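This report refers to the structure that appears directly beneath it.
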Amino acid sequence: MSNQPAERTLQSELLGREVEFSYSETWLAYSMLGLRLVMAWVFLQAGLAKLLEGGIGDPLAWSSAGFLQNAVAEANPLHGLFLWFANYASLVDPLVIFGQILIGLALLFGVFFRFAALMGALQMAMFWTAAWNGGLMQGFPMDNGYFIDSSFVNMLILFGLGAWGAGRLLGVDRYLEETQVVKENPWLRYLLG
């Protein structure tokens, strides 16, 4: 057995062109696991910080209302949508808090990974659109530049991890996919991986 990392070649079509490149399976596995753990931490930390902000006796002291009413720029083309969400902060708050905690746990343990990655990416998309200080004609300016911010980057990382099926790598999904329930209901594989 060789100590050399296993190499594979990926062949695909990208933007109408045939592409091919070699990659190390070993380094791909380490990078996927590392990114999965980092994204799990991002969500767990955010959710737990919000949950514990008011102290143990007042777990829902954090509220999205202030952000939704005041932090989204009026020039943002979705400003009205975020103001509408502010009217329902009592529903939005637990969805954000417990959504972040559950997404973080699912990413950490690799369980229902693709579903968790999709939900996390949707949340990141909402945070990204909330950061727009203007519309398309202004280049969607943000506090840190144009168009791209950390929410956008996190959204793409989650997309990539879901596409690669990172939940199978030292994760519960690897075992769930072998269960009779999943074998009899192959559509469940879209949630796993």
Practice problem: Output the residues belonging to the range 46-72 that are at pLDDT 85 or above and among the charged types (D, E, K, R). | Solution: Lys50
Quiz prompt | Neighbours by Cβ (under 8 Å, 6+ apart or cross-chain): first from the range 42-57, surrounded by fewer than 14 Cβ atoms within 10 Å (Cβ to Cβ); second modelled with pLDDT of 85 or more | solution = Gln45/Gly104
Quiz prompt | Evaluation of Thr26 against (1) of a type in the set (S, T, N, Q); (2) at pLDDT 90 or above; (3) closer than 22 Å to Val172 by Cα (one fails), failing number | solution = (2)
Quiz item: How many residues are free of Cβ contacts under 8 Å to residues at least 40 places away in the same chain, in a helix (DSSP H, G or I) and within 20 Å of the chain's Cα centre (by Cα) when one looks only at the range 140-193?
Solution: 9
Self-check item: Positions within the range 94-120 being at pLDDT 90 or above, assigned to a helix (DSSP H, G or I) and of a type outside the set (A, V, I, L, M, F, W, C), in sequence order
Solution: Gly99, Gln100, Gly104, Arg114, Gly120
Exercise. Return the pairs, sorted by first residue and then second, in which the second residue is in a helix (DSSP H, G or I), the first residue lies in the range 7-29 and is of a type in the set (A, V, I, L, M, F, W, C), the beta carbons are less than 9 Å apart, and the residues are 6+ apart or on different chains.
Key: Leu28/Trp164
Quiz item: Just for the range 1-15: of the residues that are outside any strand (DSSP E or B) and of a type in the set (A, V, I, L, M), which one is modelled with the highest pLDDT?
Solution: Leu15
Quiz item: With respect to the numbered conditions (1) modelled with pLDDT of 90 or more; (2) surrounded by fewer than 17 Cβ atoms within 10 Å (Cβ to Cβ), which one is the sole condition not fulfilled by Met124?
Solution: (2)
Exercise. Might you check whether a residue that is of a type in the set (Phe, Trp, Tyr) and either at pLDDT 95 or above or touching an Asp or Glu at 6+ places or on another chain (Cβ under 9 Å) (or both) occurs anywhere in the range 127-150?
Key: yes
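The values are calculated or read from the model by the stated rules, or taken from the named source; none is laboratory data. What you are looking at is a predicted structure, and each value in this text was computed from that prediction instead of being measured. We place every Cβ from the backbone using ideal geometry, glycine too, and count neighbours over all the protein chains shown.
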